[in-house]
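Remarks on the structure that follows.
The values are calculated or read from the model by the stated rules, or taken from the named source; none is laboratory data. Computed from a prediction, not measured in an experiment: that's the story for all the values here. Heads up, the Cβs are rebuilt from the backbone with ideal geometry, glycines too, and the neighbour counts pull from every protein chain shown.
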Amino acid sequence: MLGILGGSGLYDIDGLEIIREGKIMTPYGEPSDNYIIASYNGREVVFLPRHGRGHKYPPHLINYRANLWGFRKLGVDRILSVSAVGGINPLLKPGDFVISDQFLDFTKVRPVTFYEGIYTIKDETDTTNDLVNEYLSNDRVVHIDVTQPFCPHMRSILSGIMEEKGFRHHTKGTYAATEGPRLETSAEIKALSLLGADVVGMTLVPEIVLARELSMHFASVNVVTNLAAGISGDRLTSDEVIQMMHQRTEEIKQVILSFIENLPQKLECKCEEVLNGAAI
Ligand code: HPA
């Protein structure tokens with residue numbers, strides 16, 4: 001089943017038929033909000049606003065492990081993540097979509113893994129017969145491969161949808177994840193640009209890493225809400241980020257609904273092999 005993570009400015013999805021809303025507790029603590037179980041054209045999906053409704057959690061304090069574990073408990077095996085980003089690459093304009101294919105991690109204080117060896121937190125209610133459960137139950141230390149962190153099949157479906165709808169988009173891009181909650185200095189953006197970053201945001205990591213650790217497919221739709229610090233003008237505001245997300249709400253909704261319709265049962269990729277041979 002598909003799980004959808006909404007970012008800043010996306011706290012629900014118009015067009016989905018809500019089946020029920022559920023609170024889930026996890027051994028990692030409370031997820032950002034209730035999960036919304038919904039359907040579209042006969043297909044069930046689960047939606048969660050990563051900052052919580054009302055934007056309760058700043059990026060560095062989001063309980064990413066709880067959010068992902070809740071998805072697992074609901075049977076989610078693939079995640080579509082939507083987020084606002086600042087544009088670094090000069091080819092990017094505010095309002096563009098970017099389907100990232102790589103990330104650079106500059107986060108600092110977030111729990112980054114489910115697999116903590118002898119410190120591993122366990123969910124005694126999890127009886128799934130898979131490597132996740134096996135590794136967690138046995139306190140294994142796990143190093144997942146992230147050479148290709150995003151699901152290539154999900155990314156190609158997203159590109160196809162944006163192409164068909166004529167939305168300005170970029171089929172790849174490197175996302176630099178910063179700790180926040182402050183925005184970046186212009187020197188930091190210059191440095192990130194030299195390192196090869198195309199966009200900057202505060203939430204992709206550890207979200208994608210934790211999803212991969214649970215053997216889930218993951219793709220991300222980034223909306224360029226502003227040009228990053230120092231690229232144009234001398235001041236950035238949260239108002240412009242939210243305003244641009246609102247301006248793009250209709251397009252985001254169309255992409256999500258079309259994605260739900262076009263997602264095949266079986267994805268042609270190696271995402272589900274990520275845990276094979278990953279534990280020590
Ligand atoms: N920097 C970091 N995160 C962001 C930005 C930005 O410029 N815009 C939207 N999210």
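Numerical summary
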read-out	value
Pairs where the first residue, in region 197-219, is surrounded by 24 or more Cβ atoms within 10 Å (Cβ to Cβ) and the second is aromatic (Phe, Trp, Tyr) and modelled with pLDDT under 95, C-beta under 8 Å, 6+ apart	none
Candidates Leu68, Leu136, Leu80 - the one that is free of Cβ contacts under 8 Å to residues at least 60 places away in the same chain and closer than 23 Å to Glu272 by Cβ	Leu136
Those residues of region 152-182 which are more than 19 Å from the chain's Cα centre (by Cα), assigned to a loop (DSSP other than H, G, I, E, B) and either touching a residue at least 12 places away in the same chain (Cβ under 8 Å) or over 22 Å from Leu263 (Cα atoms) (or both), in sequence order	Phe167, Arg168, Arg182
Restricting region 93-111 to residues that are more than 14 Å from the chain's Cα centre (by Cα), part of a loop (DSSP other than H, G, I, E, B) and not β-branched (Val, Ile, Thr), the residue that is nearest to Asn226 (Cα to Cα)	Pro94
Boolean, Leu158 is touching a helix residue (DSSP H, G or I) at 6+ places or on another chain (Cβ under 8 Å) and farther than 23 Å from Gly29 by Cβ	yes
Residue within region 20-32 that is assigned to a strand (DSSP E or B) and of a type in the set (A, V, I, L, M, F, W, C) present	no
Tally, over region 254-280, of residues that are charged (D, E, K, R), surrounded by 12 or more Cβ atoms within 10 Å (Cβ to Cβ) and either in contact with a helix residue (DSSP H, G or I) (Cβ under 8 Å, 6 or more places away or on another chain) or in a loop (DSSP other than H, G, I, E, B) (or both)	1
Single match in Arg235, Arg212, Arg248 (criterion: at pLDDT below 95 and closer than 30 Å to Ser39 by Cβ)	Arg248
Residue satisfying all of: in region 1-45; of a type in the set (Asp, Glu) and in contact with a strand residue (DSSP E or B) (Cβ under 6 Å, 6 or more places away or on another chain); surrounded by the fewest Cβ atoms within 10 Å (Cβ to Cβ) among these	Glu17
In region 188-209, residue nearest to the ligand (Cβ to nearest atom) [restricted to those that are part of a loop (DSSP other than H, G, I, E, B) and out of contact with any Phe, Trp or Tyr (no Cβ under 8 Å at 6 or more places or on another chain)]	Met202
